[in-house]
Amino acid sequence: MIPVPEPGLTPEDMVRRASAMVPTLRERQMECERLGRIPQVTNDEFVSAGFYRILQPRRFGGYEFGMPTFARVMMEVSRGCASSGWVLALTGGHAIMLSAFFSEEAQIDVYGPDGEFRGPSRTPPYVVAQPVDGGFILNGEWNYVSGCDIATHVIGGINVKSTTGDEPRVGIVDRKDFTIVDDWDTIGMRGTGSRRVVVRDAYIPEYRTIPPMRDAFGSRNAPGRRVHQNPVYVAGRLVSVLFEEMAAVAVGLARGALDVYEHELCSSRLQMPPYALRSETPDYQRHFGEAWATIQVAEATVMHIAEKYMEFARQDVEEEIPFSDERDLELQLLEQHATRLAGDAVDLMFRTAGTHVAQSNSMLQRYFRDMAVIKTHIAAQTDRGAQSFGREHFSQTQTQTQTQTGLERA
C-alpha cells in the first residue's frame, strides 16, 4: 500500500481546486505557448493538487474518484488553458490503462514507492521489440506524445519480432529510457509538447507488456483485470476513456472561450449607430445564447458519458451485463459529438466577436486556434465513430435476429 497524500480529500475538494486555478492558468497561456509545453510550475501545482491521481487506485496512492470527478476537473483546468488540460488529461487519465490492464507486478514496478505516475500513450506499434531473456530491447520512435516533457513513463505500442511474424503488444518505458525530439510546431495546442519520443536499446521486462486491449476480447483477458476490486478496473474499457479525455478538454476550452466572449460583448461597442454595447443588441444576445446552450448540451453529454461509463462497468461486474464493444463505441460516438458541439460554439463566438479578436494578443483567438487543432485529431472524427458504432450495432442486431428466427422455427 502506498499512502494517499491527503486521505480526507473529496471529489468536491478536487473540483474546487481546479476551479480556483482557472485565472492563473489563463495568465500562463502565452508562456505555455512560448515554451511549447506546460510550465514546470503548473506541473508542480497539478502534482500538489493531486490531479494526476484522480483515477489512480488507492492501493497505489491514488484517490480512485472515478470518471465524473475526472471529467469535471479536466473541464475546469481546460477552461483556464486548453494545452494544460490536454496534458493533464492525457497523462493522468492513463492511470486507467495501467491499473485496469497491466499485471500486478507491472503496477507495483511502475507506480514505484511513491505512486508518481504520468503516462502519455502512443499505442500504434511503431517501435521494434527484440526478444531477449526476460523481456525486450526496444528501438524506434513514437510521434505526438502529448506531455512527454513532464512524463514519468510512456505507454507505447511495440512490434515483437518472432519467427512466426510480428506480434503487436503495448509496453511501458521509463523516462530515463527515452529522449525527446522537439518537432511540435503547430497553429494551436502549442503548449501540449506533443513531441516525438525516441527509444534506443531500451530494455523492458516482459511483465511490462500486454497484448492490445482495444476490443472486448483483449480487454476482458488483460492480465490486470483482477488486481483491484473497483469495477472501473475490473471491467472498464479503454478507448471510451481516451475519447472522454478529449471531449472534456474540448468542452472546458469552449467554456473558457465563452467567458472571454461575454467579456468582449460587455466591453466593446458597435462601430456604427447606435454605438451601443454589443451585449445590449439583439444579434449578439442571440449569438451568446446559442453558444451558451450548445456548450451546456456538450457538457451535459460529457457528464452523462462519465456516469454511464461507471454504470456499464458496475453492470459488467455485478449483473453480468458485458461492457461490450457496442457499449464502448456508444460512449465514443457521444464523446465525439460533444467535442463537435464544443467546436461549433467556439466557431460561432470567434466569427461574431469582431475582427479585433483575431489579433495575436487576443485570448479568444488562442481558444479558437486550440479548438481548430483538437478538431483535426482522429478521435474527433464523428463520421468514423458513427460508422463504427452502426456497424457494431447492426452486427449484434443481425445475430440476435438470427437467433430469434431459429427459435421461432423450432
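Could you tell me which residue of the stretch 100-132 is nearest to residue 235 (Cα to Cα), considering only residues that are of a type in the set (Ser, Thr, Tyr), over 16 Å from the mean Cα position of the chain (by Cα) and modelled with pLDDT of 95 or more?
Once the filter is applied, the top-ranked residue is 103.
Quick check on residue 285: is it modelled with pLDDT of 95 or more, closer than 30 Å to residue 356 by Cβ and surrounded by fewer than 19 Cβ atoms within 10 Å (Cβ to Cβ)?
yes
Looking at (1) modelled with pLDDT of 95 or more; (2) outside any helix (DSSP H, G or I); (3) of a type in the set (A, V, I, L, M), which is the one condition that is false for residue 303?
Of the numbered conditions (1) modelled with pLDDT of 95 or more; (2) outside any helix (DSSP H, G or I); (3) of a type in the set (A, V, I, L, M), the odd one out for residue 303 is (2).
With 237, 226, 220, 278 as the choices, which residue is charged (D, E, K, R), buried (at least 19 other Cβ atoms within 10 Å of the Cβ) and within 27 Å of the chain's Cα centre (by Cα)?
Residue meeting the stated conditions: 237.
Across the stretch 270-297, what is the number of residues that are assigned to a loop (DSSP other than H, G, I, E, B) and touching a helix residue (DSSP H, G or I) at 6+ places or on another chain (Cβ under 7 Å)?
Number satisfying all stated conditions: 1.
Assess whether residue 75 counts as being part of a helix (DSSP H, G or I), surrounded by 24 or more Cβ atoms within 10 Å (Cβ to Cβ) and not assigned by TED's automatic domain parsing to the domain that holds residue 258.
Against the criterion (part of a helix (DSSP H, G or I), surrounded by 24 or more Cβ atoms within 10 Å (Cβ to Cβ) and not assigned by TED's automatic domain parsing to the domain that holds residue 258), residue 75 qualifies.
Which of the residues spanning the stretch 78-106 are crowded, with 24+ Cβ neighbours inside 10 Å, assigned to a helix (DSSP H, G or I) and not hydrophobic (A, V, I, L, M, F, W, C)?
Hits for the stretch 78-106 are 78, 79, 80, 83, 84, 85, 91, 92, 99.
Residue under question is residue 310, and the condition is that it be within 28 Å of residue 32 (Cα to Cα), assigned by TED's automatic domain parsing to the domain that holds residue 258 and in contact (Cβ under 8 Å) with a residue 40 or more places away in the chain; does it hold?
The answer is no for residue 310.
Of a type outside the set (Phe, Trp, Tyr), more than 25 Å from residue 311 (Cα to Cα) and in contact with a helix residue (DSSP H, G or I) (Cβ under 9 Å, 6 or more places away or on another chain): which single residue out of 68, 5 fits that description?
The conditions single out 5.
Could you pull out the residue among 290, 299, 264 that is among the acidic types (Asp, Glu), surrounded by fewer than 16 Cβ atoms within 10 Å (Cβ to Cβ) and assigned by TED's automatic domain parsing to the domain that holds residue 321?
On inspection, the qualifying residue turns out to be 290.
Restricting the search to the stretch 192-245, which residues are in contact with a Gly (Cβ under 7 Å, 6 or more places away or on another chain), under 29 Å from residue 131 (Cβ atoms) and of a type in the set (D, E, K, R)?
Within the stretch 192-245, 206, 208 qualify.
Could you list, in sequence order, the residues of the stretch 351-396 that are surrounded by 17 or more Cβ atoms within 10 Å (Cβ to Cβ), more than 25 Å from the chain's Cα centre (by Cα) and either of a type in the set (Val, Ile, Thr) or within 20 Å of residue 246 (Cβ to Cβ) (or both)?
Matches in the stretch 351-396: 352, 357.
Going through the stretch 330-364 one residue at a time, which ones are assigned to a helix (DSSP H, G or I) and more than 16 Å from residue 291 (Cβ to Cβ)?
Matches in the stretch 330-364: 330, 331, 332, 333, 334, 335, 336, 337, 355, 356, 358.
Kindly indicate the residue of the stretch 43-68 that is of a type in the set (A, V, I, L, M, F, W, C) and not in a helix (DSSP H, G or I) and also nearest to residue 238 (Cα to Cα) among those meeting that condition.
Only one residue tops the list, namely 55.
Looking only at the stretch 74-128, count every residue that is among the β-branched types (Val, Ile, Thr) and closer than 13 Å to residue 250 by Cα and tell me the total.
2
If I filter the stretch 230-269 down to residues being of a type in the set (Ser, Thr, Tyr) and part of a helix (DSSP H, G or I), which single residue comes out as nearest to residue 87 (Cα to Cα)?
Here the answer is 240.
The values are calculated or read from the model by the stated rules, or taken from the named source; none is laboratory data. Computed from a predicted model, the values in this text were never measured in an experiment. Neighbour counts run over all protein chains shown; Cβ positions are idealised from the backbone, glycine included.
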